[in-house]
Amino acid sequence: MRPDLRLWSLWLFALLLIPIGMSAADIRPNAVESGALVLGPEFEPDRLLDDDYYREIDFFLEERTASRGIGLWTRAAIDYQLFNDSPSREVAVGEGDWLFGRGWIDNPCDKIDLALRPAIPAGQEDAVTFLIPLPKIHWLADLVEPHDRPPACAPDARERLLERIAADPSGVALPTIGADPEGSFYEQDSHWSPLGRLRAAEALIDHIAPGLWEAEAVIPAPVLELNTLRRFLGYRDDRSVDGFVVDRGVDFDIAEQTTGLGLLIWQRSRVSGGPVIPGTTYMFGDSQLAFMVPDIEQYFEELIFIGWLRTGFPLDLDSLPQPDRVIVEAVEAAVPRAFATPMLLDVMERLPVDDG
Amino acid sequence: MVFSSITFLFFFLPATVGLYALATRQLRNAVLLFASVVFYIWGSGTLVGVLAVSVVVDYGLGFVAGRAAANDDTRLRRIAITLSVVTNLGLLAWFKYATWLIENATDAGLYTGSAPNVVLPIGISFFTFQSMSYTIDVARGRCEHLVNPIDFAVYVTLFPQLIAGPIVRFHEIEPQIRNRRFDMAQVGEGAIRFSHGLAKKLIVADTLAPVADAAFASDDLTMGAAWIGVLAYTMQIYFDFSGYSDMAIGLGRMFGFTIPENFNRPYSAVSITDFWRRWHITLSNWFRDYLYIPLGGSRGSSGAAYRNLMVVFFLTGLWHGANWTFVVWGIYHGSWLLAERRFGLRNLDGSRSPGVRRASTFLIVVVGWVLFRSDSLGDAGSYLVSMVSFDDLGLGLLARTTSTRAVLTLCAAMLVVLVPRNFTTGPFLVTESTRTGDAARAVLMVAVLPFALLLAASGAFSPFLYFQF
């Protein structure tokens, strides 16, 4: 009998018992997921032959096992740092190691078409605002190129949009977010930090209603912000950053709201009293505008946010009121992809870049 | 419960081995039976009843078969075997094939009702075959029947090979069921073998799975994507299934069993005949012992031998699933075997043009996997057309899911094609007593195993492919 075989058996079981040992010692990394940890199922004798019961236990053990955080971190570190790959289909590694949501598109075309349909034919071109954080424009092509491009949207909508931008590029609102991209964005995550979001929100409100923004309504509040895409990659990141809440003291009501994976999917809110941007405003976007909605919702008489990359939009779009203005998030790869990238990117490249 | 899950690795396995080590010799089978039932219920719930029916019926028939063998009573022997076959194939027919048969009958206009919504018990194709094997072996006088019901239940339900094999014929394991050793050296052998299989599954097979899945789900495949996809699947299914078999053999070893080998470097085969002596060996052996030889085997006329061969491969295909793709895959392989036999091309010793033979055999097998993996014959046809369409050699949409790690993994996995025909890593890792063997074990256990466990801990694994069969 070779002694090494016995040693390897002890080694295997020592490794297998590490997670239990860590749990017993209450050593557990901070949560790597954004949501609350699942609760373990109660002991229910009448469910002992129910395979769903065991699935619940599996899920509980999977999430609570102490080594899960290390496992996720290892997986992400090897895939991302060593191979420059993302281990998650939701995340793509872009230029300069920045991380992007790949934007698994349901079918945003109909929603974009809806956004443009009432505004452009009615001669309300100024009612369409494209929110474009400048540092991201130049990465879009690099991000999009290795991946597939879904078919362009309805040709009418696309043509109207391109004509609109080509006719007067300077008319498109470009909120400047300062010359401090590291402060405005996370270190690698391509999402706004709370500071960047605040700057963009102020610029957006200033563009639509100059003088309406109330700096004093912004109340500093430290928040625990997980970089969204790093979290998808499995990185642990529990740094606390400076955040804020907005309280204008107006009567404010969120009529309806749907969220998923911690992200706003759609919301309809209304403000009565106080100086607001009148009428109905539509916002179409994904994670950038979804995170910004709480910062600006108190400035709009009626605000309808629609997350266009998400499925399961709960309402018949045609039943919603006609918009008085539309805000389109133009930061995601989805927009140039949906509108046939070369021409739109060309126009974007010619837009003035404000580094200040 | 799957072997690569957190529940199994970090809770079930240590607890079961611990209990087993503490149990007295008389209680060890009871511990294994308890663990196996928990293991099965964990994934199948009330469908454990189907497993119980198979166990109870064949345990009872074992007494009948034993008496028939002792008295050389041919009639009683036939009764026992017939009842076992009818019961087990009946379970298989209902739970695995009823819906498919009725859907086919409906499509053909022979039936107008709705198809039953039958849930497939995990591993039914494996445990029914083992159960039948017991009654047949006892009836043939090859083994004594088991008196202790726990002993028999352990044979059928032994969790290491319960849901995806290897299929252990009763005569191969009978002495071990009754009496076996338990020592740390065996546990060590099992640990190494199990770790090897876990690494194959988690590091190779699961990395290639998204590539294969994306290719076979695509409606618009380029030629390059089609080949990358099927090669990814070729390697995925081998590393997945042989990895599972390694884990099963390793787990069995921990409890003192010697479970037969299921793979022997199949992608180094020099003919399709050779391939089937190296791929899913225990299934081939089962069909040979209990179907091919009773049908007459290769005795008699050439026509009868060819017929027997095609019957076996038709059923081998059907055994894998209720879909015409599996049937055609079985006939495809059977036809190649028939051709090799007819034209004297079996070349089992690899002496003639080994490089060309290995390459051509591998190509035939790869094409066969398209049939095996596709959802329908139409899909398989479209996929095969993509493989020979020279319009676009690029990866197309597949580029999105083909990560650098997947590409490197595929390249590394493809090296198995080049490995010498007689070298098998699993047994080498356990038995090799040279410094090379020691070094290989150290790398596996100190570097590869912890990485595999961390992958498992992250929860990002996919179920084993062979559960569905």
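Since every read-out is calculated from the coordinates, none of them should be taken as a lab result. Since we're looking at a predicted model, the values are computed, not measured. Heads up, the Cβs are rebuilt from the backbone with ideal geometry, glycines too, and the neighbour counts pull from every protein chain shown.
Report the calculated FRET efficiency for residue A:44 and residue B:352 (r = Cβ-Cβ distance, R0 = 51 Å), to the nearest 0.05.
0.20
Can you tell me the mean projection area, over all orientations, of the convex hull of chain B's alpha carbons? Units nm², please.
Projected area, direction-averaged: 24.3 nm².
Sorting check: for B:272-284, B:199-211, A:245-257, B:71-83, which peptide has the highest mean count of neighbouring beta carbons within 10 Å, and how do the rest follow?
B:199-211, B:272-284, B:71-83, A:245-257
Roughly what would the spin-label model give for residue A:219 and residue B:415, points 7 Å off Cα along C-beta, in nm?
Once both label points are built, they end up 6.2 nm from each other.
Enter the mean number of other protein chain beta carbons within 10 Å of the beta carbon of each residue in A:61-72, as an integer.
Taking the mean over all residues of the peptide, I get 5.
Within 10 Å of each Cβ of A:46-54, how many other protein chain Cβ atoms are there on average?
4
Using only alpha carbon pairs under 8 Å that are at least six residues apart, calculate the relative contact order of chain B and give it in whole percent.
Rounded, it is 19 percent for chain B.
Using 0.36 nm times the number of residues separating residue B:443 and residue B:299, minus their current alpha carbon distance, what extension gain do you get?
Answer, rounded to one decimal: 46.9 nm.
What average number of partner chain Cβ atoms lie no more than 10 Å from the Cβ of the residues making up A:9-22?
6
Could you check the simple spin-label distance between residue B:144 and residue A:251, using points 7 Å along Cα→Cβ, in nm with one decimal?
9.2 nm
Quick check on segment B:1-110: take the gyration tensor over C-alpha atoms, sort the square-rooted eigenvalues as a ≥ b ≥ c, and tell me if it's rounded (a/c under 1.5), prolate or oblate.
Note, shape of segment B:1-110 comes out oblate.
Tell me, what HN-Hα J-couplings in whole Hz come from the Karplus equation 6.51 cos²θ - 1.76 cosθ + 1.60 at θ = phi - 60° for each residue of segment A:43-53, using x for Gly and Pro?
6, 10, x, 6, 10, 5, 10, 9, 5, 4, 4
Sort A:11, A:192 by Cβ crowding within 10 Å, fewest neighbours at the top.
Taking fewest neighbouring Cβ atoms as first place, the list is A:11, A:192.
How many angstrom separate the Cα center of segment B:10-86 from the Cα center of segment B:175-230?
27 Å
In which sequence would B:94, A:73 go, from the one with the fewest C-beta neighbours within 10 Å to the one with the most?
The most exposed by this proxy come first: B:94, A:73.
Label segment B:6-180 by shape, choosing from rounded, prolate and oblate, from the square roots a ≥ b ≥ c of the eigenvalues of the Cα gyration tensor; if a/c is under 1.5 it is rounded, and otherwise prolate applies when a/b is larger than b/c, oblate when it is not.
In terms of gyration-tensor shape, oblate.
Report ³J(HN,Hα) in whole Hz for each residue of segment B:95-101, in order, from the Karplus equation J = 6.51 cos²θ - 1.76 cosθ + 1.60 where θ = phi - 60°; Gly and Pro get x.
Result, rounded to whole Hz: 6, 9, 10, 4, 4, 5, 5.
So for B:411, B:143, fewest C-beta neighbours within 10 Å to most, what's the order?
Arranged by neighbour count, lowest to highest, B:411, B:143 become B:411, B:143.
What's the FRET efficiency of residue B:93 with residue B:428 using the Cβ-Cβ distance as r and R₀ = 41 Å, to the nearest 0.05?
After rounding to 0.05, the efficiency reads 0.50.
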